[in-house]
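The values are calculated or read from the model by the stated rules, or taken from the named source; none is laboratory data. Remember, predicted model here, so these are calculated numbers, not experimental data. All Cβ positions, even for glycine, are placed from backbone atoms using ideal geometry, and neighbour counts span all protein chains on display. Please note that ligands, DNA and RNA were not included when accessible areas were found on the heavy atoms of the full protein model with its side chains. Shrake-Rupley method; radii C 1.70, N 1.55, O 1.52, S 1.80 Å.
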Amino acid sequence: MTKPIYVLNGPNLNRLGRREPEIYGTTSLAEVEELCRATAGERELVFRQTNSEERLIDWVHEAIDEAAGIVINPAAFTFTSLALLDALKMFPGPIIEYHISNVHRREQIYHRSYVSMTATAVMAGLGASGYPIAVSALIRLVERGER
Ligand code: DHK
């Protein structure tokens, strides 16, 4: 049985489309989910969002046993959570760290990512419509067995 891919989203992304549209655009998270599912096609895709650090870590633990790969937009937890980094380090498959905005062009507080210390790849600045690009890149990494 082919394992699903997980697309996990962190805090405040539930307000995507209405939140700082000049930075994050007007596409909603539900629309992002549709784009990701269309790209995944036959492959099963788990798409989730939480404002809770504990829940995000629990989903990474679940993914360790259940998932082939992870696309994760940890949002603010990217720059604060060693616990999330430690959880992702245990994941055996490829991980793509995704940011809607180009965090490196923003304030200093958004420049040092803990997640990048274990992610296979990092994508930033392609907007909400970049998520399906991350999904297709992840599927290729999974098929090539890369971590
Ligand atoms: C989303 C957030 O919520 C911010 O905390 C990050 C990221 C950027 C994004 O661009 O998707 O800095």
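Quick notes on this one:
- Among Thr118, Thr80, the sequence by solvent-accessible area, most first, with a 1.4 Å probe is Thr80, Thr118.
- Net charge dipole, the range 1-104: roughly 160 debye, given to the nearest 20, about the Cα centre with Cβ charges of +1 for Lys and Arg and -1 for Asp and Glu.
- From its DSSP helices (H runs of at least four residues, each -39,500 (n - 2.57)), the chain gives a residue-normalised ellipticity at 222 nm of -10500 deg cm²/dmol.
- The distance linking the range 110-124 with the range 48-74 is 16 Å (Cα centroid to Cα centroid, whole angstrom).
- Accessible surface of the range 44-101, 1.4 Å probe, proportion on carbon and sulfur as whole %: 49 percent
- Label-reachable residues, the range 56-95, where backbone N falls under 20 Å from a point 7 Å from Arg112's Cα toward its Cβ: 74-89
- Spacing of the two label points (7 Å from each Cα toward its C-beta) at Arg37 and Ala76, in nm: 2.9 nm
- With protein chains left intact and a 1.4 Å probe, residues in the range 38-113 average 48 Å² of accessible area per residue.
- Along principal axes, Cα extents of the range 67-147, largest first, whole Å: 36, 29, 14
- Net length gained if the chain between Arg105 and Asn12 were fully extended (0.36 nm per residue, minus Cα distance): 31.5 nm
- Ranking by accessible area, most exposed first, for Glu53, Glu97, Glu42, Glu22 with a 1.4 Å probe: Glu42, Glu22, Glu53, Glu97
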